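Here the structure comes first, spelled out in structure tokens, and everything after it is commentary.
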Amino acid sequence: GVLSDCFPIFGYHKRSYLVIASALGLVGIMCLLMSHQLGYGVWVAAVLFSLINVEFATFDLLCEGKYTELMRENGGSSEAVSFAWSSVSFGMLLGSILTLGLVDSSGFRALLSFTAPFAVVALGLALRGDLPESRVRPGKGGIQWVKLLSEPRLFALAACMAVGAVFVAASAVAFSSEVQLVVVLGVSIGLVILAFKALPRTLARSNLYMFLVSVAYVDLSGPLGYYYTANAQCVPGGPGFSYGYYLAVTNIVGAIGGCIGSLLFQGMQSWSFRRAFWLTTLVQMLASLFDWIIVKRINIAVGISDEAMFLFGDAACQQIAAMLVIMPSALLTSLLCPRGAEATVYAVLAGFQNFGFAVASVLGVWLTRYLDIQSGIDGHPGECDYDNLGTAIVVGHCVLPLLCLPATFWLVPDVRMNDERAFELVSPAPSFCSPGSSAPCSPTDSAGFGSSEEDSPDGFGRQESSSAPYVALEDGNTVIMTGYRGISA
């Protein structure tokens, strides 16, 4: 995100990065398809899968930054977010159908072979310039130092987040779960402090809440996946799902559930963000109870099969809940992004949420080991112990998310999701046009805003004035700019 905003390649801020990412993803796919011939080790395979994820992340981020910009110009914020995530659900549905027919019979290479044509299409669309973007003016190529020097804290935050993510990933390989936990908590606290120094108060508070929500829903996908697919020797009387059922059939239902969640979100447009986050947290907790019921075998006691309980309960409800959690966060992130810095700020905000998922994963590993849950990957009875899995579900999927709800009163603005005017009136995040954000109007007719940020419970009030000068270098000339919140001289 930072590079695309400040270092255009071949005259474009986004197109060139999309082309490079597409090429890397295609290389990763093709090399994995030839892995049986070249005999890769596990680390080479990990690098190749990482290249594919580089393509995912780059397209995801830059497209989100662009449609955030277009939403501001043309309106229709909620509709754009709903369309984007409905498309994601449709892609999940298509992939799930392919997985159903191929994963058990043909293995992973057959699935990867279907991704190659889509990667080629993505590369062609990027080369053709389908993402709307104007070419940089002649002589304005290279590193754009004005942008970098105008918001040094913002770019420092983005750089620290990138370094922190790499450090957390390295700790997962080199350290024990206890040390990993210390590392991720230390990095998280440091990034949150930097965020409050680099971002306006409203933006930093909202970002903190979305980060906390990501962390609080502890990732237990590992032990749950092993539990559902374990054989009878490991989990006597357990579900014993096949991989085709667990990965494909449930994802088909989940994709349909995601579409339902997108439609339900359209009916919530007049709700406030606080109310939306309350509902989504409660729905997510309710969906997690289906896992607890299956693990405790309550469904069998009342005569409901594991397949029915999982398919129409867990698989559908979890994805509906996940979509209802994602979409308000994505909409709030889009509305809070500033003009001219969409890619960088969206990278920071979305990156915080993704970093929260990484922290939730580490917390899940630690909680699993703390409760002595043994997955029994090799199917040996002595290595299987899921007695405390129900406790992990209650703690990680119910108690911790519930603890985040009171924070909405301090961190989340109390404005309606369809009130785009409120976000236009409020002081925006730092832009590349001035040392600080523009002076806000007095939005006395919009709910959730106060006369000052200090006395407004929502943090949607006036920002402090600033007259701190700064120096920027452009084309070898020194430009002295003194800013008063939106006025530069």
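The values are calculated or read from the model by the stated rules, or taken from the named source; none is laboratory data. This one's a predicted model, so the numbers in the text were calculated from it and none came from an experiment. Glycine gets a Cβ as well: all are built from the backbone with ideal geometry, and neighbour counts include every protein chain shown. Just so you know, the surface numbers come from the protein's heavy atoms only, side chains and all, with ligands and any DNA or RNA stripped out. Shrake-Rupley method; radii C 1.70, N 1.55, O 1.52, S 1.80 Å.
Quick one: is Gly390 modelled with pLDDT of 90 or more, assigned to a helix (DSSP H, G or I), touching a Gly at 6+ places or on another chain (Cβ under 8 Å) and open to solvent by less than 80 Å² (accessible area, probe 1.4 Å)? No; evaluated as a whole, the condition is false for this residue. State yes or no: is Val54 within 29 Å of Ala322 (Cα to Cα), free of Cβ contacts under 8 Å to residues at least 40 places away in the same chain and outside any loop (DSSP other than H, G, I, E, B)? In short, yes.
Residue-by-condition table, conditions (1) open to solvent by 10 Å² or more (accessible area, probe 1.4 Å); (2) at pLDDT 85 or above; (3) within 30 Å of Phe56 (Cα to Cα); (4) not hydrophobic (A, V, I, L, M, F, W, C):
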residue: Pro338; (1), (2), (3), (4): no, no, yes, yes
residue: Gln353; (1), (2), (3), (4): yes, no, yes, yes
residue: His380; (1), (2), (3), (4): yes, no, no, yes
residue: Val394; (1), (2), (3), (4): yes, yes, no, no
residue: Leu400; (1), (2), (3), (4): yes, yes, yes, no
residue: Pro406; (1), (2), (3), (4): yes, yes, no, yes
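Only one of the numbered conditions (1) at pLDDT below 85; (2) part of a helix (DSSP H, G or I); (3) farther than 17 Å from Ala57 by Cα is not met by Ser87, and that is (3).
Considering the conditions (1) under 22 Å from the mean Cα position of the chain (by Cα); (2) more than 30 Å from Phe83 (Cα to Cα); (3) open to solvent by less than 20 Å² (accessible area, probe 1.4 Å), Tyr227 is excluded by exactly one of them, (1).
Here Ser361 fits the description: hydroxyl-bearing (Ser, Thr, Tyr), open to solvent by 20 Å² or more (accessible area, probe 1.4 Å) and under 15 Å from the mean Cα position of the chain (by Cα). When Val365, Val345, Val359 are screened for being at pLDDT below 80 and of a type in the set (A, V, I, L, M, F, W, C), only Val345 passes. Residue by residue through segment 25-48, note down the ones that are out of contact with any Phe, Trp or Tyr (no Cβ under 8 Å at 6 or more places or on another chain) and either surrounded by 19 or more Cβ atoms within 10 Å (Cβ to Cβ) or part of a strand (DSSP E or B) (or both). Within segment 25-48, Leu26, Ile29 qualify.
If the condition is being surrounded by fewer than 21 Cβ atoms within 10 Å (Cβ to Cβ), among the hydrophobic types (A, V, I, L, M, F, W, C) and under 16 Å from the mean Cα position of the chain (by Cα), then segment 53-74 contributes Val54, Phe56, Ala57, Phe59, Cys63. In segment 139-156, what residues are among the basic types (Lys, Arg), open to solvent by 50 Å² or more (accessible area, probe 1.4 Å) and modelled with pLDDT under 75? Answer for segment 139-156, where residues must be among the basic types (Lys, Arg), open to solvent by 50 Å² or more (accessible area, probe 1.4 Å) and modelled with pLDDT under 75: just Lys140. Does Glu178 satisfy the criteria of being within 27 Å of Ser16 (Cβ to Cβ), among the acidic types (Asp, Glu) and either modelled with pLDDT of 80 or more or surrounded by 14 or more Cβ atoms within 10 Å (Cβ to Cβ) (or both)? When the stated conditions are applied, Glu178 does not pass them.
Of all residues in segment 173-191, none that is charged (D, E, K, R) has its Cβ atom under 8 Å from the Cβ atom of a residue that is open to solvent by less than 40 Å² (accessible area, probe 1.4 Å), 6 or more apart or on another chain. The listed residues are Phe167, Phe211, Phe265, and the only one of them that is outside any loop (DSSP other than H, G, I, E, B) and without any contact (Cβ under 8 Å) to a residue 60 or more places away in the chain turns out to be Phe167.
In the set (1) touching a Ser or Thr at 6+ places or on another chain (Cβ under 8 Å); (2) closer than 30 Å to Arg153 by Cβ, the condition left unmet by Leu194 is number (1). Residues in segment 110-138 that are open to solvent by less than 60 Å² (accessible area, probe 1.4 Å), in contact (Cβ under 8 Å) with a residue 24 or more places away in the chain and touching a helix residue (DSSP H, G or I) at 6+ places or on another chain (Cβ under 7 Å): Leu112, Ser113, Thr115, Ala116, Ala119, Ala122, Leu123, Ala126, Gly129, Leu131, Glu133. Here the condition is being within 17 Å of the chain's Cα centre (by Cα) and farther than 24 Å from Ile293 by Cα; of Leu212, Leu185, Leu199, it holds for Leu212 alone. Kindly evaluate Tyr217 against the criterion of being within 28 Å of Arg297 (Cα to Cα), touching a residue at least 24 places away in the same chain (Cβ under 8 Å), buried (at least 21 other Cβ atoms within 10 Å of the Cβ) and within 25 Å of the chain's Cα centre (by Cα). Answer is yes for this residue. Checking each residue in segment 268-289 for being open to solvent by less than 60 Å² (accessible area, probe 1.4 Å), more than 30 Å from Asp306 (Cα to Cα) and among the small types (Gly, Ala, Ser) picks out Ser272, Ala276. Per this entry, Gly254 is not counted among residues that are in contact (Cβ under 8 Å) with a residue 60 or more places away in the chain, in a helix (DSSP H, G or I) and surrounded by fewer than 17 Cβ atoms within 10 Å (Cβ to Cβ).
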